[in-house]
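Visitor: So that we are looking at the same thing, I have put the structure below in structure tokens.
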Amino acid sequence: MTYCVGLLLDSGLVIASDSRTNAGVDHVAIFPKMTIFERAGERVIVLTTSGNLAISQAVINHLQQAIHDNQEPHLLSVSTLFEAAQVVGKAIRSVHHNDAEALRQQHTEFLQSILLGGQIRGEAPRLFNIYAAGNFIEACQQTPYFQIGETKYGKPILDRVLANGTSLDEAVKCTLISFDSTIRSNLSVGLPIDLFVYRTDSFSTIERHHITETDRYFSQLRKGWAEGLRKVFSELPAPPWHQGE
């Protein structure tokens with residue numbers, strides 16, 4: 001399992017993924033799940049993947065090979081993020097065509113989800129959630145974020161804090177607390193976290209962070225969040241029907 005989050009805000013995007021993969025408690029490894037495609041000053045496209053790791057790598061390889069062989073349309077030639085989502089969906093369907101039957105014979109599901117976000121010059125930043133069938137939905141003002149993978153533990157903080165006008169700094173805090181909550185409750189999600197912050201119209205990939213156990217800010221954030229929760233909890237009123245000593 002994995003955990004990936006994408007936030008679409010008025011000021012840009014925040015996209016993050018964990019790096020843990022596991023095939024049982026005795027086979028845990030670290031693999032990056034974030035891939036960035038860029039053309040300086042013209043486009044930045046970020047993908048994060050969840051699901052079967054072999055499927056994820058096959059999809060990414062399809063996308064990279066299409067660019068290398070100039071098989072249009074590809075992610076560096078499309079004119080909109082909607083078309084980019086279509087290209088990724090087509091790559092997923094191609095891998096499904098090649099591998100789904102063999103997986104079925106091994107009693108393995110074809111599991112794949114991809115978040116695609118970024119900006120192509122001429123349009124605003126956009127964010128898509130692409131499913132195993134290759135179809136997708138787009139984030140909107142009413143739903144400014146997507147999660148894939150192990151989503152339930154990190155969702156409450158996103159629901160309580162995020163809005164379109166949330167600043168990128170606040171969004172980063174919210175994202176990392178969402179990851180901390182997930183990591184605490186699910187052993188299949190773990191550090192390092194790959195974090196990408198994109199500012200609208202920057203067409204830059206400079207704000208990339210690889211967060212490990214020794215990251216001072218993340219340690220400070222998770223400690224402050226835990227202590228704050230305990231403090232607020234202790235200050236809540238007791239139930240009125242409680243007959244205390």
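The numbers here are math on the coordinates, done by the rules we state, and not lab data. Here the structure is a predicted model, which means the values were calculated and not measured. So basically every Cβ, Gly included, is an ideal-geometry build from the backbone, and we count neighbours across all protein chains shown.
Visitor: Only one of (1) touching a strand residue (DSSP E or B) at 6+ places or on another chain (Cβ under 7 Å); (2) part of a helix (DSSP H, G or I); (3) among the β-branched types (Val, Ile, Thr) is not met by Ile67, so which one is it?
Guide: Unmet for Ile67, out of (1) touching a strand residue (DSSP E or B) at 6+ places or on another chain (Cβ under 7 Å); (2) part of a helix (DSSP H, G or I); (3) among the β-branched types (Val, Ile, Thr): (1).
Visitor: Let me ask another. Please enumerate the residues belonging to the stretch 162-201 that are surrounded by fewer than 17 Cβ atoms within 10 Å (Cβ to Cβ), over 13 Å from Tyr3 (Cα atoms) and either acidic (Asp, Glu) or out of contact with any Asp or Glu (no Cβ under 7 Å at 6 or more places or on another chain) (or both). Steps first, answer last, please.
Guide: Of the stretch 162-201, the ones surrounded by fewer than 17 Cβ atoms within 10 Å (Cβ to Cβ) are 163-165, 167, 169-170, 184-185, 187, 199-201.
Next cut, over 13 Å from Tyr3 (Cα atoms) only: 163-165, 167, 169-170, 199-201.
Matches in the stretch 162-201: Ala163, Ser167, Asp169, Glu170, Arg199, Thr200, Asp201.
Visitor: For the stretch 201-220, enumerate the residues that are among the polar types (S, T, N, Q) and in a loop (DSSP other than H, G, I, E, B).
Guide: Ser202, Ser204, Thr205, Thr212, Thr214
Visitor: Then there is this: Please determine whether any residue of the stretch 27-45 is among the polar types (S, T, N, Q), in contact with a Gly (Cβ under 6 Å, 6 or more places away or on another chain), surrounded by 18 or more Cβ atoms within 10 Å (Cβ to Cβ) and part of a strand (DSSP E or B).
Guide: No.
Visitor: Being within 17 Å of Arg43 (Cα to Cα) and either charged (D, E, K, R) or loosely packed, with under 14 Cβ neighbours inside 10 Å (or both) is the filter here; which residues of the stretch 78-94 pass it?
Guide: Listed by number, the residues that qualify are Ser79, Thr80, Glu83.
Residue-wise test of (1) surrounded by fewer than 14 Cβ atoms within 10 Å (Cβ to Cβ); (2) under 30 Å from His107 (Cα atoms); (3) out of contact with any His (no Cβ under 6 Å at 6 or more places or on another chain); (4) not aliphatic (A, V, I, L, M).
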site	(1), (2), (3), (4)
Leu47	no, yes, yes, no
Gly51	no, yes, yes, yes
Ile55	no, yes, yes, no
Ala66	no, no, no, no
Glu72	yes, no, yes, yes
Leu76	no, no, yes, no
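Visitor: Scanning the stretch 202-234 for residues that are closer than 19 Å to Ala16 by Cα and of a type in the set (Asp, Glu), which turns out surrounded by the most Cβ atoms within 10 Å (Cβ to Cβ)?
Guide: My answer is Asp215.
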